[in-house]
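Written below as structure tokens is the structure these notes are about.
The values are calculated or read from the model by the stated rules, or taken from the named source; none is laboratory data. Not measured: the values here are computed from a predicted model. All Cβ positions, even for glycine, are placed from backbone atoms using ideal geometry, and neighbour counts span all protein chains on display.
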């Protein structure tokens, strides 16, 4: 049995994590083996997140005190909370990929991106988006390619002129 003091500590911990997190995902995990959930925790952590299990009553209390409007269907069955502290999209992608490979035992219930409420379908859609690093890479590539072509186009006539002048010099010599 958990003491009231411990429950208060857990609710406070949950609230602190929600303040820091850019992403909250609620999932079921019944039937998932310990090594599988440990692997998921590790992958989430590598992508700047954390997976934590809370009792539904404490979860509901902590979230409502923080002003989150959460549907009651989230508080049915065992619930794991995934916090995304950095770029939320890789964390979403990891959870969605895990859900695809564990359809029977693992399901995404819903979540929040900042204060925006997300449904299961929203999460699936957002998890297909590229991460911020990938988007920056595409942007840099998009800027670099036309500039490289311009440099080549400007450099090419000068190179041809030097080549022709060298041929003329060789003929005269």
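Things to note:
- Members of the stretch 96-149 found to be part of a helix (DSSP H, G or I) and within 22 Å of residue 36 (Cα to Cα), listed by number: 96, 97, 98, 99, 100, 101, 120, 123, 124, 127
- Helices (runs of 4 or more DSSP H) lying entirely in the stretch 1-90 (those with 1 or more residues that are more than 24 Å from residue 103 (Cα to Cα) and in contact with a strand residue (DSSP E or B) (Cβ under 6 Å, 6 or more places away or on another chain)): 4-20
- Qualifying residue in the stretch 79-94 (condition: farther than 25 Å from residue 132 by Cα and either more than 13 Å from the chain's Cα centre (by Cα) or surrounded by 14 or more Cβ atoms within 10 Å (Cβ to Cβ) (or both)): yes
- Qualifying residue in the stretch 51-65 (condition: modelled with pLDDT of 90 or more and under 30 Å from residue 135 (Cα atoms)): yes
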